[in-house]
Amino acid sequence: MKLESKVKVNVRNRIFGGEKTLACIPMVAVTREALLKEADICASMNPDIIEWRVDSFELAGDAEATSRTLVEMAPLLNDIPIIFTFRIAREGGAKEYTQEERLATIKACLETGYADVIDIEACNEPEFIAAVKEAVVANNSRLIISAHNFKSTPSEEEMIAILEHEQELGADIPKLAVMPQSFDDVLALMRATYRARTGNVIQPMITMSMAEVGKISRVIGNLYGSDLSFVVGQNASAPGQIPMNTARELWTLL
């Protein structure tokens, strides 16, 4: 039985925090042509959500070109919601961009009406987060505020504090991804998520322990409070992602 959040977030009739774990396929194509082809393939797999990793796109720093590409791509997705992620380089982004470039592209794409959820990092300057939050609200979208540690797993208390801080910053959906050094670290992520869900974090959450040892967290997150799992479509965007159909089969058994 899935552990639901106190607050639910509805995005094009997909419910974050509800009774169903959402499967999200990332798109990481570099060129416009490859992206449109990838969108067509990913849509045919019928995920609950699609994430566009905009930082992988060769024109990401050009707000007009990126928003134009989003308008061209969105109809191919058959109304599947889009998480728009322009990842900052120090947390795994494909390339370094200025904050001005990132903000301009995020705002332009929000104005198209197709960027259903924006994912930004908690490590951004408060002014940047506030500006994105304002644009998200103005365009009736939703905000993920995320944190990524590709080296280690913080303590349970630290992870709970990160999720609570993201909620305080205005996240509709707090997110945390950490790198385990042992299975004890995977269990720590699970316990921290459960404690956050049954404690002060009332919003839906996305948490994961990465790499091979952390794969189990992408399968049983529904049991301890994680509401979405990133799964493999054409290409993985992070270590440890598993094929969507495999994940869905396992969820039906849980």
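No lab work stands behind these numbers, since they all come straight from the coordinates. Just so it is clear, the structure is predicted and the values come from calculations on it, not from any experiment. So basically every Cβ, Gly included, is an ideal-geometry build from the backbone, and we count neighbours across all protein chains shown.
Loop-only check: which trypsin sites (Lys or Arg not before Pro) in region 61-170 are DSSP coil with at most 13 other Cβ within 10 angstrom?
Details: sites: Arg68, Arg87, Arg90, Lys95, Arg102, Lys107, Lys133, Arg142, Lys151; in loops: Arg87, Lys95, Lys151.
Listed in order of number, the matching sites are Lys95, Lys151.
Pull out a ≥ b ≥ c, the square roots of the eigenvalues of the alpha-carbon gyration tensor of region 63-126, then state rounded if a/c is under 1.5, prolate if not and a/b is larger than b/c, and oblate in the remaining case. Before the final figure, lay out the partial values.
On the way: a/c = 2.05, a/b = 1.73, b/c = 1.19.
Because a/c hits 1.5 or more and a/b exceeds b/c, region 63-126 counts as prolate.
If one computes the Cα centroid of region 97-149 and of region 171-197, what distance in Å separates the two points?
23 Å
Against the longest alpha carbon principal axis of the chain, how many degrees, from 0 to 90 and to the nearest 10, is the axis of helix 244-253 turned?
30 degrees
For the chain, with the dipole built from +1 on Lys and Arg beta-carbon atoms and -1 on Asp and Glu ones, taken about the Cα centre, which of Ala130, Ile160, Val186 lies farthest toward the positive end?
Projecting each Cα onto the dipole axis, the largest value belongs to Val186.
What fraction of the DSSP beta bridges in the chain is antiparallel, stated in percent and rounded to the nearest 5? Don't jump to the answer; show the numbers that get you there.
Working: 3 of 34 bridges.
In the chain, DSSP labels about 10 percent of beta bridges as antiparallel.
Using only the Cα atoms of region 6-150, build the gyration tensor, take square roots of its eigenvalues as a ≥ b ≥ c, and label the shape rounded, prolate or oblate: rounded if a/c is under 1.5, else prolate if a/b is larger than b/c, else oblate.
Rounded.
I'd like the orientation of helix 99-110 relative to the chain: the angle between its Cα long axis and the longest Cα principal axis, in ° from 0 to 90, rounded to 10.
Between the helix axis and the principal axis of the chain, the angle is about 80 degrees.
Can you find, among Met205, Phe86, Asn140, the residue farthest towards the positive end of the dipole of the chain? Put +1 on the C-beta of Lys and Arg, -1 on that of Asp and Glu.
Met205
Is region 173-212 best put as rounded, prolate or oblate by its Cα gyration tensor, with a ≥ b ≥ c the root eigenvalues, rounded for a/c under 1.5, and otherwise prolate when a/b is larger than b/c, oblate when not?
Details: a/c = 3.88, a/b = 1.75, b/c = 2.21.
It is oblate, given that a/c is not under 1.5 and a/b is not larger than b/c.
Which value in Å does the Kirkwood hydrodynamic radius of region 94-192 take, with 1/r averaged over all unlike C-alpha pairs and then inverted?
Numbers: mean 1/r = 0.0689 Å⁻¹.
By the Kirkwood definition, the hydrodynamic radius is 14.5 Å.
For region 161-178, take each phi angle, set θ = phi - 60°, evaluate the Karplus expression 6.51 cos²θ - 1.76 cosθ + 1.60, and give the result in whole Hz per residue in order, putting x for glycine and proline.
Once θ is set to phi - 60°, the couplings for region 161-178 become 4, 4, 5, 5, 5, 4, 4, 5, 6, x, 5, 6, 9, x, 9, 9, 10, 9 Hz.
With charges only on Cβ, +1 for K and R and -1 for D and E, what is the dipole size of the chain about its Cα centre, in debye, rounded to 20?
Numbers: 25 positive and 36 negative charges, 146 e Å.
In total the dipole reaches around 700 debye.
Please give the charge dipole size of region 123-250, origin at the Cα centre, charges +1 on K and R Cβ atoms and -1 on D and E Cβ atoms. Round to the nearest 20 debye.
On the way: 10 positive and 15 negative charges, 91 e Å.
For this selection, approximately 440 debye.
Once you keep just the Cα pairs under 8 angstrom separated by 6 or more residues, what percentage relative contact order results for region 80-123? Mind showing how you got there, number by number?
Numbers: 43 pairs, mean separation 25.5, N = 44.
It comes to 58 percent, rounded to a whole number.
Roughly how many debye, to the nearest 20, is the charge dipole of region 166-213 about its Cα centre, given +1 on each Lys and Arg Cβ, -1 on each Asp and Glu Cβ, and no other charges?
On the way: 4 positive and 6 negative charges, 34 e Å.
Result for region 166-213 is approximately 160 debye, rounded to the nearest 20.
What do you get for the angle between helix 63-73 and the principal long axis of the chain? Use alpha-carbon atoms, 0 to 90 degrees, nearest ten.
80 degrees
Between Thr252, Asn13, Gly61, whose Cα lies farthest towards the positive end of the dipole of the chain when Lys and Arg beta carbons carry +1 and Asp and Glu beta carbons carry -1, centred on the Cα centre?
Thr252
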